[in-house]
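Please read the structure below before turning to the comments.
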Amino acid sequence: MAKLNPHYGKLGAGYLFPEIAKRTHSFLADHPGVSVMRLGIGNTTEPLTPTVVAGLHEGVDRLADAASYTGYGDEQGTLALREALARRYEEYGVALDVDEIFVSDGAKPDSANIQSIFDQDDVVALQDPCYPVYVDSNVIGGRTGGEADGQYEGLVYMPCTEDNGFFPALPEGDVDLIYLCSPNNPTGAVATLGQLKTFVDFARERGAVIIFDAAYATFISDRRLPRTIYEVEGAKDCAIEIGSFSKEAGFTGVRLGWTIVPKALSCEDASAGAVNGLWLRRQTTMFNGASNIVQHGGLAILSEQGQQECGELVAYYMANAKIIRKALEALGITCYGGDNAPYVWMKTPGGMPSWTFFDKLLNECHVVGTPGAGFGPSGEGYFRLSAFGHRADIEEAVRSIQEKLTS
Ligand code: MLT
């Protein structure tokens, strides 16, 4: 008789964002005629820019002509797109070989799948709070015991708190895989070069591997802050980096991302080149490459004009972030993030449990956000508001909070 993967049974409630959507639908069903403002999931709302639309159209047109038609392509992505990505890293001062770049259908699948090439006994350390995919994919991968008080047995939680500026201290004890995200989802904190260096040095010393999620890198406007972990010397020996076009170009529904696996990366039983080769093996077996039409759109994003337009898109969402943060601070609420990241991380009034605040905000103000506890135990007492939204909706949401939120 077939049996199911028992590790799924360890997962708690549904995945965070569908759970929020479920609660929102149930509120709407109970309150006919009411509309809500959605600042929960970081879902882009503004249209694709003209250059990107033209790139996608061109991708379609190429398929309409036998001379330019392509079927299956390289599972790693088209050479043109990988070369364009390598040029982006060159601007960050980082040289990458195109064979180190793996184009994919987004950062979420890559950040979930990457654990599958590592040993089941590897000990995983994560920032707490963090993007729930890192935790759930390792639970499914069988690296944890059960859950108690919001923590899975076997995972090493690295608290990111007000006291440490939302960047963790080095983990104690042996760890093998370390997930870092900067700009951070959910706290909006951005790691400095020095902070990343402490982790790179630690990982190199211990033979650990860092999985660095840089999905929000283009939201960094402060040029002193690193936009890739490879700005740190030695990072190619120990770090995998994941990137995304979702938020920078409005590709949340179009789907395009990439993962960098440097050839220099090694670990206990894999010499330089072997980890890169294993990810290639994984991708060529489990994935047939991102859509050729979409990759054409990706090339347009990375063109000079595309970068100019996507920069304006990012600036639009960052202006939303400032509006949210300013309005909350005017109410005396302590806020973090929103400067170099599209998320505002607010303290719940009076330290209220974050799911209680979720219900309060929904009921009183008709605003949906994301409870900090959904990102891990250290997220309790915090609440995330996303800056992705039409300006009018963001303004309406903050007006509603200012007028209706009771203390
Ligand atoms: C978020 O809201 O944390 C993200 O939009 C979710 C995602 O990118 O998958």
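The values are calculated or read from the model by the stated rules, or taken from the named source; none is laboratory data. This structure is a prediction, so every number in the text was calculated from the model and none was measured. Every residue, glycine among them, receives a Cβ derived from its backbone with ideal geometry; neighbour counts consider all protein chains shown. Remember, those area values only see protein heavy atoms, side chains included, never the ligands or the DNA or RNA. Shrake-Rupley method; radii C 1.70, N 1.55, O 1.52, S 1.80 Å.
Structure notes:
- For segment 1-104, the set of trypsin sites (Lys or Arg not before Pro) satisfying both a DSSP loop assignment and a count of at most 16 other C-beta atoms within 10 Å is given as Lys3.
- DSSP-loop chymotrypsin sites (Phe, Trp or Tyr not before Pro) across segment 84-116, with at most 15 other Cβ within 10 angstrom: Tyr92
- Sequence-distant lysines (8 or more away, or on other chains) whose Cα lies within less than 21 Å of Lys236: Lys197, Lys263
- Summed residue charge, Cβ within 10 Å of Ser244's Cβ, Lys/Arg positive, Asp/Glu negative: 0
- Summing Cβ point charges (Lys, Arg +1; Asp, Glu -1) relative to the Cα centre of segment 295-407 gives a dipole of roughly 300 debye.
- Positive-end residue, the chain charge dipole about Cα centroid, Cβ charges, pick of Val398, Gly141, Met318: Val398
- When the charge dipole of the chain is built from unit charges on Cβ atoms (+1 for Lys and Arg, -1 for Asp and Glu) and taken about the Cα centre, the candidate among Phe357, Val103, Ser266 whose Cα reaches farthest toward its positive end is Phe357.
- GluC sites (Glu not before Pro) within segment 126-193, DSSP loop, no more than 12 other Cβ atoms inside 10 Å: Glu153, Glu172
- Cut-off 15 Å between beta-carbons: net charge of the residues surrounding Asp222, Lys and Arg +1, Asp and Glu -1: +2
- Cα-based equivalent ellipsoid, segment 296-346: semi-axes from gyration tensor eigenvalues, Å: 31, 9, 6
- Anisotropy class of segment 146-265 from Cα gyration tensor, a/c 1.5 cut: rounded
- Taking Cα centre as origin and charging only the Cβ of basic (Lys, Arg, +1) and acidic (Asp, Glu, -1) residues, the dipole magnitude of segment 335-400 rounds to 80 debye.
- In this view, the solvent-accessible surface of Thr218, computed with a 1.4 Å probe and all protein chains in place, comes to about 40 Å².
- For Glu172, net neighbour charge (Lys/Arg +1, Asp/Glu -1) across residues whose Cβ lies under 15 Å away: -3
- Relative to the Cα centre, the charge distribution of the chain, modelled as +1 at Lys and Arg Cβ and -1 at Asp and Glu Cβ, gives a dipole magnitude of about 840 debye.
- Annotation: the antiparallel percentage among DSSP beta bridges lying fully within the chain is about 55.
- GNM result for the chain, Cα springs below 10 Å: residue of Gly145, Gly381, Gly250 fluctuating most strongly: Gly145
- Qualifying lysines (Cα of each under 25 Å from Cα of Lys326; at least 8 residues distant if same chain): Lys247, Lys347, Lys360, Lys404
- When the helices of the chain are scored as -39500 (n - 2.57) per DSSP H run of n ≥ 4 and the total is divided over every residue, the value at 222 nm lands at -11500 deg cm²/dmol.
- Ratio Rg/Rh [Cα only; Rh per Kirkwood] for segment 91-220: 0.94
- Gyration tensor verdict on segment 195-341 (Cα atoms; rounded if a/c is under 1.5, prolate if a/b is larger than b/c, oblate otherwise): oblate
- Normalised by 2.2 N^0.38 Å, with N the number of residues, the alpha-carbon radius of gyration of segment 275-407 equals 1.37.
- Spin-label pair Ser26/Lys404, simplified geometry with 7 Å Cα→Cβ offset, distance in nm: 2.0 nm
- Two-site FRET efficiency, Leu4 against Ala330, from Cβ-Cβ distance with R₀ of 45 Å, rounded to 0.05: 0.35
- Accessible carbon and sulfur surface of segment 170-291 relative to its total accessible area, %, 1.4 Å: 47 percent
- Probe 1.4 Å, protein heavy atoms only - accessible area per residue of segment 119-252 in square angstrom: 34 Å²
- The base-10 log of I(q)/I(0) for segment 173-244, evaluated at q = 0.19, 0.25 Å⁻¹, reads -0.69, -1.14 [Debye formula, identical scatterers on Cα atoms, solvent excluded].
- For Ala125, residues with placed amide H under 5 Å, excluding near neighbours: Val156, Asp176, Leu177, Ile178, Tyr179
- Bridge type composition, segment 192-295 - antiparallel percent by DSSP, nearest 5: 55 percent
- GNM top mover of Ala107, Ala191, Ala272 - the chain, alpha-carbon springs below 10 Å: Ala272
- As a length-normalised measure over Cα pairs under 8 Å and 6 or more apart, the relative contact order of segment 175-232 settles at 45 percent.
- Partners for Lys108 among aspartates and glutamates (Cα-Cα distance below 17 Å; same-chain residues under 8 apart left out): Asp136, Asp213, Glu241, Glu248
- Computed over the chain: relative contact order in percent, which uses C-alpha pairs under 8 Å that are six or more apart: 23 percent
- In this calculation the C-beta distance from Glu91 to Lys263 is compared with R0 = 25 Å, giving a FRET efficiency of 0.75.
- Over the Cα atoms of the chain, the radius of gyration divided by the Kirkwood radius equals 0.96; this is the Rg/Rh ratio.
- Packing-based ranking of 336-344, 173-181, 116-124, 64-72 yields 336-344, 173-181, 116-124, 64-72, ordered from highest to lowest mean Cβ neighbour count within 10 Å.
- Inter-label distance for Asp74 and Asp163, nm, one decimal - labels placed 7 Å from Cα along Cα-to-Cβ: 4.9 nm
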